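No value in this document is a laboratory result; all are computed from the given coordinates. These figures come from a predicted structure and were not determined experimentally. Reconstructed Cβ throughout: ideal geometry from the backbone, glycine too, with neighbour counts over all protein chains shown.
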Amino acid sequence: MLAMNKKDVEQILGLAAREGRHLLLENEAKGLLECWGLPVARTQLARSLDEAVKISNQIGFPVVLKIASPDIIHKSDAKCVKVNLGSEHEVRSAFEEIVANAKAYKQDANILGVVVQEFVPKAREVIVGALQDPSFGPTVMFGMGGIFVEVLKDVSFRLAPLTPEDAREMISEIKGYPILAGVRGEKPADIEALVEILQKVGQLAYEFTEIAEMDLNPIFVFDKGEGAKIVDARIVLK
Ligand code: ADP
Ligand code: MG
């Protein structure tokens, strides 16, 4: 298990609170999750086109570019996510396109830059969420990505903190579970990596009740033994 560093989490939450921000910035959210020992795709903010190219070279191609703006919550709805960029040239045109699309989507959007992220190869996508339920307190949500959550509402909930058994139950009781367990000769997904993520998210929501809402959507889950990676995170404070 990766270390869970309470001090660093407090520092990130404290800064946002002092500045009166209810939504953590992209880099803050990723930083917080990393401090808590959660596996996050390598991500860095670029404030200019040249910086985006430099970071892409550091991370290594292919990369993903996304808008970094507190005013654009659903980045792909605004056509502000470009995946699998294989060259410097592709990064340059994606950068310009993303900034233009962001401005077209919301004219006065506060654009902090563009986030450069490692491209994560295709895997099963799941969602993990946390919220403070008004009557029950810190609660964790689990579901499969995309239409499974949005259309079919195929999700499970548990109160935090979670035992490993709670987490395994949450995973196995959704209808989409066979997709994770492996169907038609497909390898099973790394369920144990998910158990660890669910427990850590539960512990985070339990210890930091100022976190009103958290949405890790999606998390890419690799085959058994190969782990998982969070590629998008939204953290809202009270
Ligand atoms: P949003 O939810 O704000 O639209 P995301 O960051 O979740 O933006 O990106 C949208 C989709 O793009 C994700 O659901 C995922 O399928 C894909 N994606 C995002 N980041 C990566 C990445 N680093 N590697 C591969 N695919 C990605
Ligand atoms: Mg997302």
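The Cα atoms of the stretch 55-183 cover 47, 36, 27 Å along the three principal axes, with the biggest extent listed first.
Roughly speaking, what % of Cα-Cα pairs in the chain are separated by over 25 Å, rounded to a whole number? Don't skip to the end; give the middle numbers.
Numbers: 12198 of 28203 pairs.
I get 43 percent for the Cα pairs in the chain exceeding 25 Å.
If you count, for each residue, the other Cβ atoms within 10 Å and average over each peptide, how do 166-177, 102-113 line up from highest to lowest? Let's see the in-between values first.
Numbers: 166-177: 17.5, 102-113: 14.9.
Output ranking for 166-177, 102-113: 166-177, 102-113.
Among ASP50, ASP154, ASP77, the residue with the largest mean-square fluctuation in a Gaussian network model of the chain, with springs joining Cα atoms closer than 10 Å, is ASP77. The GluC sites (Glu not before Pro) of the stretch 1-105 that meet both conditions, a loop assignment by DSSP and at most 11 other Cβ atoms within 10 Å of the site Cβ, are GLU19. Normalising the Debye intensity of the stretch 1-101 to I(0), with uniform scatterers on Cα atoms only, and taking log10 at q = 0.17 Å⁻¹ returns -0.87.
Take the Cα radius of gyration of the stretch 167-207 and divide it by 2.2 N^0.38 Å, with N its residue count; two decimals is plenty. Please list the in-between numbers first.
On the way: Rg = 11.9 Å, N = 41, 2.2 N^0.38 = 9.0 Å.
The stretch 167-207 yields a ratio of 1.32.
With a cut-off of 10 Å between beta carbons, the residues surrounding LEU24 carry a summed charge of +1, where Lys and Arg count +1 and Asp and Glu -1.
Return the subset of LYS6/LYS106; LYS75/LYS238; LYS7/LYS66; LYS54/LYS187 for which the Cα-Cα distance in this structure is over 31 Å, preserving the input order.
Numbers: LYS6/LYS106 36 Å; LYS75/LYS238 23 Å; LYS7/LYS66 29 Å; LYS54/LYS187 37 Å.
Correct reply: LYS6/LYS106; LYS54/LYS187.
Once the Cα atoms are used to define both axes, helix 49-59 deviates from the longest principal axis of the chain by about 40 degrees. Dividing the Cα radius of gyration of the stretch 142-189 by 2.2 N^0.38 Å, with N the residue count, gives 1.20. Compactness check for the stretch 124-237: Cα Rg over 2.2 N^0.38 Å is 1.00.
Please report Rg over Rh for the stretch 100-162, where both radii come from the alpha carbon positions and Rh follows the Kirkwood definition. Taking Rg over the Kirkwood Rh, I get 1.13. Based only on Cα atoms, what Rg/Rh ratio does the stretch 1-53 have, Rh being taken as Kirkwood's radius? Reported Rg/Rh, Kirkwood definition of Rh: 1.05.
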